[in-house]
Amino acid sequence: MKRFAALFQQVDQTTKINPKVAALAAYFREAPDDDRLWTVALFSGRRPRRAVTTTRLREWAAERAGIPLWLFEEAYPVVGDLAETIALILPPNTRETDLGLRHWINTLRGLSDVTEEERKPVVLDAWDQLPPVERFLFNKLITGGFRIGVSQKLMTRALAQATDRDEAELAHRLMGDWTPETTTWHELIVAEDAGANLSRPYPFYLAHQLDDGPEALGEPSDWRAEWKWDGIRGQLILRGGEHHVWSRGEELMTHRFPELARARDFVPDGTVLDGEILAFAGGQPLPFNALQKRIGRKTVPKALLRDAPVILYAYDLLEWQGQDMRDRPFAERRAQLDALLQSLPEDAPLRASPLIEFDSWADLAATRQNARDAHAEGLMLKRARSPYLSGRKKGDWWKWKLDPLTVDAVMIYAQQGHGRRANLFTDFTFAVWQGNDLVPFTKAYSGLTDAEFRQITGWVRKNTQARFGPVRQVTPEHVFEIAFEGIHESPRHKSGVALRFPRMSRWRHDKTVQEANTLDDLKEMLRQYG
Amino acid sequence: MVLEFTERGIYCPAGDFFIDPWRPVDRALITHGHADHARPGHARYLSTHAAAPVMRHRLGEIVIETVGYGEALRIGNATVSFHPAGHVPGSAQIRVEVAGEVWVVSGDYKVAPDGMSEPFEPVRCHAFISECTFGLPVFKWAPQDEVAAEINAWWAGNAAAGRASILGAYSLGKAQRLLSILEPDIGPILTHGAIENTNAVMRDQGLALPDTLRVTPDLDAKAHPGALVMAPPSALGSSWARRFGPASTAFASGWMRLRGVRRRRAADRGFVMSDHADWAGLNSAIRETGAERILVTHGYTEIFAKWLRSEGYDADIVATGFEGESLDASEDAEATS
């Protein structure tokens, strides 16, 4: 664990990319196979199954530290991270050992097989022999969410340096449903890649936001346009007589969308499609909240399959007849895709997301204004000759979203953030007027500068009217412009509406509370855009 | 009541004076020279001998009387004495006795010695007025020599790699404490003007500090390879700091105990060093006063008062003009309070 802790510290102690990559590469060169395999797993979002609930961890840590549980609970939001709070609050370790990362992961895996009473001494014993940084990492292994400033991309780059392999090829190898239990360092990284893993997706290519309009992109004829859909980005893989559906977050979603199984009836083996999973009925996409009901469900009840059926709106062809197509120009891939999908029957769970014809940028700008009518959130622009790259690369793919909708709302509750926002009030609840009452309708967490968050934090501390656990009710005094991408009906919310991607777009110092919008204004927006 | 809490500050009716008042008054007793305790505009000041030079430096022409630690003064019907608070050189707790009842205003304090400030002395009292900037059990300070070793290793590593080391610390107190623990053999030490001004005041009053070189507009910043540059936190990331070329940046503050704060500051390193008491320090200081009544002024007041009550103290919160409440402001202001 000391080697892993040293790596963590090197990475954590710098904000610069190159030293991080260098530290990771050195680690990948030197660490034992099992440790480096687990490190790759952790930095690509894989972790051992949680063996202890966070409730128990808090109780055990408070008990070991000799403080009441309420005091632990008060300290937690200040620190903003449970694993760290525990590491900081415990008394110093009484002895020191140096057992590898794999040892501790195996210890945690072993906990699944024993009763809760038997887990406690194991965890306490670990705390007692790990110095603070290792203790923090051990707790992170239990609580998950191993986000410590190393993106998968950065890790892959370091891995490429350490192993002298091509970064894109490694990125592809690391995709899919492997875990350190099902593979080895050799198999995953070193061995000749026979494409043994038939379910493996390609790394997704992500677009950049287009802020200033498309004129600077050059000739319109070099570009292709599509609607930008508000669904779930997914890859459909048809290989070896099976099908697999992957999310952009590398989550296997095959069983969540059983409709897509029928794709095998229409598309030959050796095909991989990139597209948007959308709830779809009557020949057009349904709003995102229809799809939302399907998210997070491992199995889907019949009624939901009927009310919110999904299709894959495909916009790219990554593999065709078993051949990787990613180096071919987009226009060619796209033509092949259209040929493949054009003659499918109405009830096929696959369609090609239509290309939008345009002659000039002005022409396209006018079309973009109709995006909401098409149930889209804007346009995608793709360079006709572009290959399918991996990750977010600037230049060939752009998303040109509609300007968001906005309302002016009053801040009524505030809560402290987590991680690097710990100890700052960053999570707010906003309200609009209904007669003389302020009705809460949305939360928002982002959009302000650090300086603004500091300013509002000072204000919240001085203007707290009541505390409900971590939530503070504040004097209704500040008006914020809330921007959002969509609005829909929601019986679960007091206001009756729910917003899509709400954030604070401006602090309206110029507006009094009385000038904020009303619930009727929101209902009117719901009628127009819902 | 020996002391009352008024809009102007902590007031002693028996002696008709204020302690660390935040609005102008006739007579102000001052615990130490930081901006939120020693404010301008009072008609008369009283402080320790050792706190006065910095106050004169900061506040200009003031009418100030000084007193030695432990020396009893009679003011009206109150007996007053100053006792070391261990916060910064010259800092004091102020003991006020009226008709046999003793209250102590501790100002800001830390219990672990820093080798420079007069070490904290517990004062027995009936009521103790305490800060609690770091009044949560997650705040624990390592011994100073361990932090010193970390800082010197960071500096030496940077010097070997041809980088400057820019260390952010408040000009009064923290900066001199850091200077006192640096290993001057590693390389030259450069200082921002704001810090060097305070250094000059403190050297004049006999404090031993290593040799430093003031950064002036005509200084060739790159002619001092392997330098450690001491600057106020606000200078980090500014154009002022860019003159030193490739550099590693760091802050020294108690808040650096929290990883979230360290990351937010976007410095390369955060060293955990504070001139305020940690959790254990607050608790031991309070215990050693023997006081039953504890009034907490600034910091995690609600939580800390609740904790003290659960430990059997008669504890309350009093609102003051002292800072250290807001964390982000206090990353700079921790030092100011």
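The values are calculated or read from the model by the stated rules, or taken from the named source; none is laboratory data. Remember, predicted model here, so these are calculated numbers, not experimental data. Virtual Cβ from ideal backbone geometry, glycine too; neighbours counted across all protein chains shown. Side chains included, ligands, DNA and RNA excluded: accessible areas come from the protein's heavy atoms. Shrake-Rupley method; radii C 1.70, N 1.55, O 1.52, S 1.80 Å.
Before moving on, here are some points about what is shown:
- In the stretch A:104-123, the residues that are under 30 Å from the mean Cα position of the chain (by Cα) and either charged (D, E, K, R) or open to solvent by 40 Å² or more (accessible area, probe 1.4 Å) (or both): A:Asn106, A:Arg109, A:Ser112
- Qualifying position, being open to solvent by 70 Å² or more (accessible area, probe 1.4 Å) and either more than 12 Å from chain B (Cβ to nearest Cβ) or over 15 Å from A:Ile89 (Cα atoms) (or both), among A:Arg50, A:Arg36, A:Arg58: A:Arg50
- Test: residue in the stretch A:369-381 that is more than 14 Å from chain B (Cβ to nearest Cβ), within 15 Å of A:Pro220 (Cα to Cα) and free of Cβ contacts under 8 Å to residues at least 40 places away in the same chain: no
- Lone qualifier among A:Ala414, A:Ala409, A:Ala431 - being within 14 Å of another protein chain (Cβ to nearest Cβ) and either farther than 14 Å from A:Ser505 by Cα or not in a helix (DSSP H, G or I) (or both): A:Ala414
- Test: residue in the stretch A:310-319 that is open to solvent by 60 Å² or more (accessible area, probe 1.4 Å), at pLDDT 90 or above and under 23 Å from A:Gly240 (Cβ atoms): no
- Answer from A:Asp274, A:Asp269 - the residue that is open to solvent by less than 60 Å² (accessible area, probe 1.4 Å), farther than 13 Å from A:Ala308 by Cβ and of a type outside the set (Gly, Ala, Ser): A:Asp274
- Failed condition for A:Thr15, given (1) open to solvent by 10 Å² or more (accessible area, probe 1.4 Å); (2) in a helix (DSSP H, G or I): (2)
- Residue tally, condition in contact with a Leu (Cβ under 9 Å, 6 or more places away or on another chain), at pLDDT 95 or above and not aromatic (Phe, Trp, Tyr), over the stretch B:123-134: 3
- Selection within the stretch A:466-501 - modelled with pLDDT of 90 or more, out of contact with any helix residue (DSSP H, G or I) (no Cβ under 7 Å at 6 or more places or on another chain), assigned to a strand (DSSP E or B) and not hydrophobic (A, V, I, L, M, F, W, C): A:Gln473, A:Glu481
- Positions within the stretch A:18-33 being farther than 18 Å from A:Trp178 by Cβ and either open to solvent by less than 20 Å² (accessible area, probe 1.4 Å) or of a type in the set (Asp, Glu) (or both), in sequence order: A:Val21, A:Ala23, A:Leu24, A:Ala25, A:Tyr27, A:Glu30, A:Ala31
- Matching residues in the stretch A:419-448 - criterion: being at pLDDT below 90 and surrounded by 18 or more Cβ atoms within 10 Å (Cβ to Cβ): A:Arg420, A:Arg421, A:Ala422, A:Asn423, A:Leu424
- Residue check, A:Glu73 more than 13 Å from A:Phe138 (Cα to Cα), surrounded by fewer than 22 Cβ atoms within 10 Å (Cβ to Cβ), of a type outside the set (Lys, Arg) and within 14 Å of chain B (Cβ to nearest Cβ): yes
- Of the residues making up the stretch B:160-215, those that are in contact (Cβ under 8 Å) with a residue 12 or more places away in the chain, among the aliphatic types (A, V, I, L, M), open to solvent by 30 Å² or more (accessible area, probe 1.4 Å) and assigned to a loop (DSSP other than H, G, I, E, B) are B:Ile186, B:Leu207, B:Ala208.
- Any pair with Cβ under 8 angstrom, 6 or more apart, that starts in the stretch A:155-166 at a residue that is assigned by TED's automatic domain parsing to the domain that holds A:Val21 and ends at one that is open to solvent by less than 40 Å² (accessible area, probe 1.4 Å) and in a helix (DSSP H, G or I): none
- Total residues in the stretch A:94-121 satisfying the condition of being assigned to a loop (DSSP other than H, G, I, E, B) and touching a residue at least 24 places away in the same chain (Cβ under 8 Å): the figure is 8.
- Exactly one residue among A:Ala374, A:Ala362, A:Ala335 is closer than 28 Å to A:Glu485 by Cα and assigned to a helix (DSSP H, G or I), and that residue is A:Ala362.
- Single residue of the stretch A:76-93 satisfying the filter (at the interface with chain B (Cβ under 7 Å from one of its Cβ atoms) and in a helix (DSSP H, G or I)) that is surrounded by the fewest Cβ atoms within 10 Å (Cβ to Cβ): A:Val78
- Looking across the stretch B:271-314, the residues that are away from chain A (no Cβ under 14 Å) and free of Cβ contacts under 8 Å to residues at least 24 places away in the same chain come down to B:Arg287, B:Asp314.
- Strands (runs of 3 or more DSSP E) fully within the stretch B:45-115 that include at least 1 residues being touching a Gly at 6+ places or on another chain (Cβ under 9 Å) and in the same structural domain as B:Ala319 (by TED's automatic domain parsing): B:73-75, B:78-84, B:92-98.
- Considering the conditions (1) on the phi > 0 side of the Ramachandran plot; (2) touching a helix residue (DSSP H, G or I) at 6+ places or on another chain (Cβ under 7 Å), A:Ala352 is excluded by exactly one of them, (1).
- 2 or more residues touching a helix residue (DSSP H, G or I) at 6+ places or on another chain (Cβ under 8 Å) and of a type outside the set (A, V, I, L, M, F, W, C): qualifying strands (runs of 3 or more DSSP E) within the stretch A:207-294: A:242-247
- Just one of the listed residues (A:Pro349, A:Pro345, A:Pro440, A:Pro329) is assigned by TED's automatic domain parsing to the domain that holds A:Phe257, of a type outside the set (Lys, Arg) and under 30 Å from A:Leu526 (Cα atoms), namely A:Pro349.
- Among the candidates A:Ala422, A:Ala409, A:Ala431, A:Ala376, the residue that is within 24 Å of the chain's Cα centre (by Cα) and in the same structural domain as A:Asp510 (by TED's automatic domain parsing) is uniquely A:Ala422.
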